[in-house]
Structures are given as C-alpha cells and as structure tokens.
Amino acid sequence: MKNKNIYRILFVSICVCLWGCDDESFLAEKPETFYTTENAFSTAGQVDQALIAVYSQVKDLVANPGNESWIRTLRFNGTDMYDVANIRRSDIFNDYGIINPNHTSFYNAYSTFYQLIAKMNMAIQAADLPDISWGSEKDKAYVIAQAKFFRAFGYRNLGELFGGVPLVAEVINTPRYNFKRSTRVETYQFAIDDLESSYMDLPETTPSGGRIVRGAAQHYLSELYLAKGIQLEMDGHVADAKTAYNKSIEYANAVIDGSVYSLMTSRFGTRKTQNPVFYYDAAKKLSYETVIGVTPGNVYWDLFQEGNTNYQDGNKECIWALQIDFAAYKAEDSRSKLAYPRSYGPVFRDGVTNHLQGLLEDVGGRGVSFLMPTMYTRDLIYEGKWAKDMRNSEAVFRRIFLGNKTTSVYYGKIVPWDEMYANQNSMSLCYPISCKIATDIFTGIDLGEDRSNLFRDEYMIRLPETILLRAEAKMRNGNSAGAAADINLLRNRAQCEYLVTPADVNTDLILDERARELVYEEWRWNTLLRMGGTVATDRIKEYAYWPEAKATLNFKFNLWPIPQTVIDTNKDELLEQNCEWGTR
C-alpha cells in the first residue's frame, strides 16, 4: 500500500492527555482542546500531516468521490465544453435565470480555497515554532515550500475565478468582519511571490509519485504571469503586460526545455504491447475484433492506462499526479477512486434503448451521465481537416458501438450515430467515450467492483498544458510563429494531418487545442475566466447544449460573483460585488 495515500485527519495524532498536576495548574485556563498553532503542533511530522490533509483535499476536488455537484461545476459544468444530460437538468449551470451570487457552487468554491489557505498559513507558522525539531534546514524548507505552493494554488484559483480577493497570510484566531479586497493583479502577485520565494526548495523529482516538485511550481508561475499579463493589458498597462508575458514564457521554458520532462512519443508502460479490447458478447463469441477488426493502441492511450501516470512510472510528461490506490480503497480509504465511468459515462441504455443495453465494457461501464461533453467537445473540434488526430482515434475517443440487444436490427453491427442522435434528449445521453473516463479492463471486478470507478493515478499537471501556456503567452506577446510551433509540438505527437500556421493562431485556436489535448483534465472555468474580456460568455452562448444559455445569458462576465453570504458577513467593510453580478 502506498503510504503517501494514507490520509489522516489533521489533529487526530496530537490530542493531549493530562495525567497529573497540582490544583493551581489544573485550574489555570489553558484549554488544550481549543487548537491553536502553538498547541496543535509539537513535531515536524504533525506539520507534514497538515500538508497531507491538503493533498487529500485537492485530490477530492478532482476525483470527486462524493459525487458533489458543485465540484463538477468548479471544474467543468456550464462551460463551452460540458453540459448536463436531459436526466440531470436539475444540475444545469448555464441557466442564468437562476444563477446568481447566492448559488451554492460559488460559495463552496470560495470557502474551500480559503479553508485550504488557512491550513497552509497554520503549517507555515508552525514550521517556525521553537519546539519543532527538524532533521535539517533542508527538510524544513521543503515543508514550507509545499505549504507556500498550496497557498499559492488557493489564491491562483480565487484570482482566476473571483478576481481580487482578501489576502490572508497569517493565522487568524479571532473573528474578523473587515476584510478588504485586493485587485486581481495583486491576488496573482501574492501567489507569484509565494512560489518564487520557495520553488527552488522543491526537488526536481521525488522517489515516488504524488509530492509537489519544482516543475509544478514553475508551471503555475507560467500560468500566473500569463493571467497577470492578461489583466494588466485589460487595465491598459501594455508595457507591464509584455513583461509579464515574458516571465510566463521564461518559466515555461524552464519546464519544457530546461528540466527533466519531455513528451511521450512512443508506446510505453503497462500495456505498451497491447491494444484495447472492448468485449461485446462472450457467450456468442462476438467481439469488436471479430466484427470490425483490431483497435490499435497508441502512446496517447498509454498515458491513461493504470500504472502509467507518474513520472516514476516512466511517464516523462507527468509533472504532478494525484495518487489513487486500490489497496487503500479496499482497506480503509473509500475515497481513493476516480468515479469517472459513473459520473461522466454515457447512458446508451436510455438514449438508444432499442439497440444498446447493459453496464459492461462495451458501453463504458455503469455510466449515469452527471456530466456530458457538448457537441463542440465531441464533434466540432474534430470536423474537416482536424479529424485525423490520435486524440480522435478509436482507442482514445471511442465512437464505434455494436448493438448488443438481440432484438435490434443492429445486433452485432455498428449502431449509426444518426440513430443515437435521433433527438436532443438521446443526443445528450449518447456520446463518444474518452479513454480518460473509462477503460476496457476495470480493476477489482473479481473483488466486487462494478465498473463505476477507475483506480489509476490522476494528472494535475501534464507537460502539454505547460506547452499550451507558453503558446498562449507567445501569442499574446506578438509571436504567432512561436505559438504555432508550440501547438504543433502536440499536433505532431498526435500524428495530426493538419499542422497549424501562424495565421491560424488566435484565442479560439488555443482553446480548441486545449479541448483536444486536455479534455476531462483542465479546469475549464479557470481557463475561460482568466482569459478576460467576453471569452467565457461568448463561448458559453455559442456551445452550450441546452437553449437556456442563449435565452438567459444576457450580460457579459469574466469573473464569478463574490458569494453574497461572504459580502453580508463582512459587515465592517464593504466587499464590492463583481460589477457584472451586482444587480442579479
């Protein structure tokens, strides 16, 4: 079992028992059950436990083992790339007749990142307590660097989603109602300062996966300087924006060209000699192979196979991965899973019920479609000259499904998409299956698992995203040729027929290439909102699946609203609402 996956409650190991004392000291008011930094931490290991708690918290924000609607919204729902199926309309997040600053998704996101920041403020303060004994100054610096990384991660998300927010850099032990908003640039700069002051104390690599490394900090520095430059340019500070874009490129260069990472270009890992096998009907000895032939595996498919995620697994484009452990899941950690097949998988049995049924590998497992890709994500980005692309191959983005209902006219034959797309409701339930959200070999079936979960480690940062950040920074800095060259690094790896030219380079191209490369990986709301202007609202109105977005999105925004509860609670200082949301 991976010991890095044993996530404990932060303070379980530090409760204090008083075995003996005189009456006077016993009556003294030193309530050890009221935790402060001073009485909660007594060893270096306990400070590290604060970090482990945040590693676990971030993992939950990606894996979403509790199937929480607001987490799907935080990363995906309501953007240009994702919407909800007809059976999930109660979770719609692009009907702006009902979305306002009181929406729970905004509050949950805002409060969660401040909770994360508070934990890291406590860890940073605890690391300097005189009673804490460190093995070496290097050990101490490493812990502080991880804490600063996660604090910067918190402010990075707050800045991209909500703009300028109160900057809290210390432990607060008494209630406060007078927090003041910073500007968006100041929020980005706070995160930049945290990372720049500590990233050299992070190791370039680690013996095992999961822990933060230097490249992760440099990646976020590239993103933060890019975001800062965009905001500076929006504010009219063109020269300062150019400086920020240059810094973004500099940090991306350090990861892409000056570190240990490289794109995987040949097959590797646990299944490098295998092809995906989607069983169809074992009883009748029918399979995909007997009907349509072999579905060839490829290096992109290898990236998402169990045992292949981490840098330590030989995957040189993994910069940071969250750790999922099946043994831990079975023994003690029921949250150590990726509930992707269930949450994101299609429901053919309802959408095309006359031809497809069941919950096996041939239909992607036990999908219930809490979230589905829009037509933009599944089809539009691969139209015409964009079609020939390894990321659109059958192994990676499966589009062929054989009828498995004996009464179907398509039994044992390919079910055509015009049948699955017969109406808007069925279109919302039937869609291609990415190899990132399902598999042809589910772990744990012999131990009672039911094809609802994956048990591979999951990327937080993969080198292609760093490359796309550099491409965007070059584009914004006036270097379209450099941006095209970066994008073509990914398109060459994906064996694309069409390579982009400098004339192709614009914001839409960057977003389209991010969609092709990072589907189900990037936090799309962060990307759309940090781009500023009307990017988010324009694309939501154009690509949302259901008509509510076009009918109700009658204002422009590039920030989420500050939750109204936060504004109301901060009674001694006015927290101004983001202007686009002020009258909603």
| query | Alpha carbon centre of segment 76-136 versus segment 457-500: separation in Å? | reply | 28
| request: Output the relative contact order of segment 466-522, whole-number percent, from Cα pairs under 8 angstrom with separation of 6+ residues. | output: 33
| request: Give, as a single signed number, the net charge of other residues whose beta carbon lies under 9 Å from the beta carbon of W320, with Lys and Arg counted +1 and Asp and Glu -1. | output: +2
| remark: For 529-535, 64-70, 471-477, 451-457, ranked highest to lowest by mean beta-carbon neighbours within 10 Å, the order is 471-477, 451-457, 529-535, 64-70
| said: How much of the DSSP bridge set in the chain is antiparallel, in percent, rounded to the nearest 5? | reply: 90
| remark: The summed charge of the L356 Cβ neighbourhood (under 9 Å; Lys/Arg +1, Asp/Glu -1) stands at +1
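Order by neighbour count: D80, D362, fewest other Cβ atoms within 10 Å first, most last.
Least to most surrounded, the residues fall as D362, D80.
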| Can you tell which of I249, M234, S259 lies farthest toward the positive end of the dipole of segment 231-330, using +1 and -1 charges on the Cβ of basic and acidic side chains (Lys, Arg; Asp, Glu)? | S259
| query | If the label point is 7 Å along Cα→Cβ of A503, which residues in segment 367-389 have backbone nitrogen under 14 Å from it? | reply | none
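What number does segment 179-234 give for Rg over Rh if you use C-alpha atoms and the Kirkwood radius? Show your work: numbers first, answer last.
Numbers: Rg = 13.6 Å, Rh = 12.4 Å.
My calculation puts Rg/Rh at 1.09.
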| request: Assuming R0 = 41 Å, can you tell me the calculated FRET efficiency for the pair Q115 and K272, based on Cβ-Cβ distance, to the nearest 0.05? | output: 0.50
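Quick one: net charge around T407, please, counting Lys, Arg +1 and Asp, Glu -1 for every other residue with C-beta under 15 Å from its C-beta.
Residues close to T407 contribute a combined charge of +2.
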| query | So how far, in whole Å, is the C-alpha centre of segment 564-584 from the one of segment 151-216? | reply | 23
| remark: hull vol. (C-alpha, convex hull) per residue for the chain, Å³ -> 166
| task | Note down the relative contact order for the chain as a percent, whole number, built from C-alpha pairs under 8 angstrom at least six residues apart. | result | 20
| field | Positive dipole terminus of the chain, leading residue within V47, L224, Q189 (C-beta point charges) | value | L224
| Any idea what diffusion coefficient segment 90-199 gets from Stokes-Einstein, in µm²/s, Kirkwood Rh on alpha carbon pairs, 25 °C, 0.890 mPa s? | 158
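So which trypsin sites (Lys or Arg not before Pro) in segment 350-397 pass both tests, a DSSP loop state and at most 14 other Cβ atoms within 10 Å of the Cβ?
K388
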| field | Positive-end residue, the chain charge dipole about Cα centroid, Cβ charges, pick of I461, A169, G384 | value | G384
| task | Under 23 Å Cα to Cα from K337, which lysines show up? Leave out anything in the same chain fewer than 8 places away. | result | K2, K4, K59, K436
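Only Lys, Arg, Asp and Glu count, each charged at its Cβ (+1, +1, -1, -1), so figure out the dipole size of the chain about its Cα centre, rounded to 20 debye. Kindly include the intermediate steps, with their values, before the conclusion.
Working: 63 positive and 74 negative charges, 311 e Å.
Roughly 1500 debye for the chain.
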| query | Computed FRET efficiency, Cβ-Cβ of Q495 and K385, R0 25 Å: what is it to the nearest 0.05? | reply | 0.95
| query | If each residue's Cβ is checked for other Cβ atoms within 10 Å, how do T353, T501, T273, T309 rank with the fewest at the top? | reply | T273, T501, T353, T309
| request: Put one equal scatterer on each alpha carbon of segment 91-156, apply the Debye formula with no solvent term, and list log10 I(q)/I(0) at q = 0.21, 0.25, 0.28 1/Å to two decimals. | output: -0.85, -1.01, -1.12
| message | Give the residue list of trypsin sites (Lys or Arg not before Pro) in segment 264-299 that are DSSP loop and have at most 12 other beta-carbon atoms within 10 angstrom. | response | K284, K285
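What FRET efficiency comes out for the pair T183/K285, r = Cβ-Cβ distance, R0 = 60 Å, nearest 0.05?
Calculated value: 0.35.
Can you put L221, L574, L51, L469 in order of Cβ neighbours within 10 angstrom, beginning with the fewest?
Fewest-to-most ranking of L221, L574, L51, L469: L574, L51, L221, L469.
Quick note: the coordinates plus some simple rules give every number you see, no bench work behind them. Here the structure is a predicted model, which is why all the values come from computation and not from measurement. With ideal geometry, Cβ positions are generated from the backbone for all residues, glycine too; neighbour counts draw on all protein chains shown.
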